[in-house]
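The values are calculated or read from the model by the stated rules, or taken from the named source; none is laboratory data. Given the structure is predicted, the values throughout are model-derived calculations rather than measurements. With ideal geometry, Cβ positions are generated from the backbone for all residues, glycine too; neighbour counts draw on all protein chains shown.
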Amino acid sequence: MAPPLIDSQVHGHLWGTDELRAVFAERAKLQGWLDVLVALGDAQAELGIIPATAAKAIAAEAHIDALDLDLIAAETRRTSHSTLGLIVALQQRLPEDAREWVYYGATVQDITDTWTATAIRTVCGILWRDLRLIEARLLELAEDHRDTVVAGRTHGQTGSPTSFGLKAACWADEIRRHLDRLREGAPRWIVGQLAGSVGNLAFYDDFGLELRARFCARLGLADPVVSWTSSRDRVAEFGTLLALVTATLAKIGTEVYQLSRPEIDELQEPAPAGTVGSITMPHKRNPEASEHLATLARLVRSSASVLVEGMVAEHERDGRGWKAEWIALPDACLLTGVALSFALTLVKGLEVNVETMRDNLGPYSGSERALTLLAPRLGKHRAQRLLQEAMGTGRERRLTLIEALRAADLLDPALEQALAAPYTGTAGQMVDAVVRRGRAARKREPERWPS
């Protein structure tokens with residue numbers, strides 16, 4: 001059987017990164033579950049719930065490489081229980097007096113939800129690092145091209161002039177908002193789970209709350225205060241952030257994809273030596289990375305929708321949505337990781353064709369400026385009507401904007417002088433503000449994930 005694309009030796013680089021595979025690979029996940037069990041045993045021993053000798057034995061043997069994976073799989077199938085196979089394999093390595101203290105009073109969801117929180121923490125670190133790298137490059141592009149004139153486009157049509165720096169600044173500002181969301185959301189997502197069978201920790205008598213606090217602290221997780229077995233908004237919110245992040249990256253990729261069309265030729269994604277655009281049309285330089293960002297974003301949105309669906313849970317525990325997270329969340333994380341990698345390569349090597357941008361402004365790109373200057377004298381709506389008529393005639397006669405205005409008797413020396421150069425309004429000032437604000441934020445915050 002062929003491996004899934006995400007693990008394919010040939011195509012896997014398109015659907016995940018080795019860094020994130022190391023988080024979600026089966027052995028890594030099982031080791032994560034074992035680490036949670038060790039933390040639980042240590043916290044229980046501190047409170048006298050289980051013997052200290054049992055906790056030490058569990059910690060000494062809870063290593064996935066020492067356990068029989070075939071046995072784990074066979075027992076999982078035999079018992080139809082998600083974690084009992086792991087427990088049986090661990091018990092076989094423990095002294096007899098420690099075996100009954102493994103997984104004492106805990107549930108599947110206590111272990112798996114807590115591990116999920118640790119995995120989210122790791123993914124947050126990768127997101128933080130890569131988003132900041134992308135932001136840094138976008139701020140440079142914004143600053144470098146503060147006054148690079150480019151056609152603004154609305155409804156797919158050429159409009160008034162703007163600057164490429166403003167376009168890059170808007171991208172950078174969107175990335176900054178994702179960084180804000182990441183920082184603000186972490187206290188909600190990176191929390192442990194110790195709930196017991198129906199969320200009331202009844203198994204532990206009066207020790208429940210203190211045990212949960214110590215358990216979470218050992219793993220560097222926040223105490224949730226209240227059980228969240230059927231409250232799946234935490235995972236759904238994080239998945240939604242991944243969808244938002246990849247949508248922004250896809251937006252950038254789509255802009256490069258569109259503006260790299262030969263008839264526009266304003267941007268080009270980097271093409272390392274050896275890149276083949278088309279196997280049948282050797283002249284082509286296909287924007288493969290740019291379009292792949294849109295593909296990845298669609299898949300992440302699909303996974304995020306599954307996570308949101310999981311919020312509609314029944315009673316105190318509902319495996320239908322919670323277990324769907326076991327597939328949807330890792331997929332969303334892996335796809336987001338590779339999207340960040342592609343986007344970083346894209347913006348670092350982005351080719352900006354400044355001269356082509358100016359050439360593509362079009363003969364009537366100054367129409368808004370003309371309207372602005374004529375409106376006080378003629379009235380805004382009358383000026384708009386007269387200009388539309390003048391330029392309609394001008395297009396038929398293949399006239400420039402100046403020629404069309406002169407033919408319509410709308411041109412005076414002041415207007416002609418104002419239309420001599422493209423006008424980009426306050427684009428430069430907004431670029432300056434975004435760059436200043438972004439760099440100030442970067443100075444205040446750590447380079448590494450602050451959790």
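Scanning region 169-193 for residues that are touching a Lys or Arg at 6+ places or on another chain (Cβ under 9 Å) and of a type in the set (A, V, I, L, M) yields Ala169, Ala172, Ile175, Leu179, Ala186, Ile190, Val191. Summed over region 92-114, the residues that are in a helix (DSSP H, G or I) and buried (at least 23 other Cβ atoms within 10 Å of the Cβ) give a count of 5.
Within this structure, Ser160 passes the test of being among the polar types (S, T, N, Q) and surrounded by 20 or more Cβ atoms within 10 Å (Cβ to Cβ). Against the test of being over 21 Å from Ala119 (Cβ atoms), of a type outside the set (Lys, Arg) and in contact with a Ser or Thr (Cβ under 8 Å, 6 or more places away or on another chain), the options Thr254, Thr246, Thr275 yield a single qualifying residue, Thr254. Restricting Ala289, Ala328 to residues that are under 15 Å from the mean Cα position of the chain (by Cα), under 28 Å from Tyr257 (Cβ atoms) and buried (at least 18 other Cβ atoms within 10 Å of the Cβ) narrows the list to Ala328. Of the residues making up region 64-82, those that are loosely packed, with under 13 Cβ neighbours inside 10 Å and free of Cβ contacts under 8 Å to residues at least 24 places away in the same chain number 4. Among the residues of region 122-156, those that are assigned to a helix (DSSP H, G or I) and over 30 Å from Asp18 (Cβ atoms) comprise Ala142, Glu143, Asp144.
Restricted to region 342-388, and to residues there that are out of contact with any Pro (no Cβ under 7 Å at 6 or more places or on another chain), buried (at least 20 other Cβ atoms within 10 Å of the Cβ) and of a type in the set (Ser, Thr, Tyr), the residue that is modelled with the lowest pLDDT is Tyr364.
Pairs meeting the criteria (first residue in region 210-229 and more than 12 Å from Thr114 (Cα to Cα), second residue among the charged types (D, E, K, R) and surrounded by fewer than 18 Cβ atoms within 10 Å (Cβ to Cβ), beta carbons under 7 Å, at least 6 apart or on different chains) are Ala213/Asp223; Arg214/Glu46.
Here Ala343, Ala441 are screened, and the one residue that is within 30 Å of the chain's Cα centre (by Cα), outside the structural domain of Leu141 (by TED's automatic domain parsing), of a type in the set (A, V, I, L, M, F, W, C) and under 30 Å from Gly125 (Cβ atoms) is Ala441.
For region 157-189, how many residues meet the condition of being small (Gly, Ala, Ser) and either assigned to a helix (DSSP H, G or I) or closer than 16 Å to Ala243 by Cα (or both)? Final tally of qualifying residues: 6.
Can you tell me which of Ala271, Ala217, Ala243 is over 21 Å from Leu344 (Cα atoms) and among the small types (Gly, Ala, Ser)? So the residue among Ala271, Ala217, Ala243 that is over 21 Å from Leu344 (Cα atoms) and among the small types (Gly, Ala, Ser) is Ala217.
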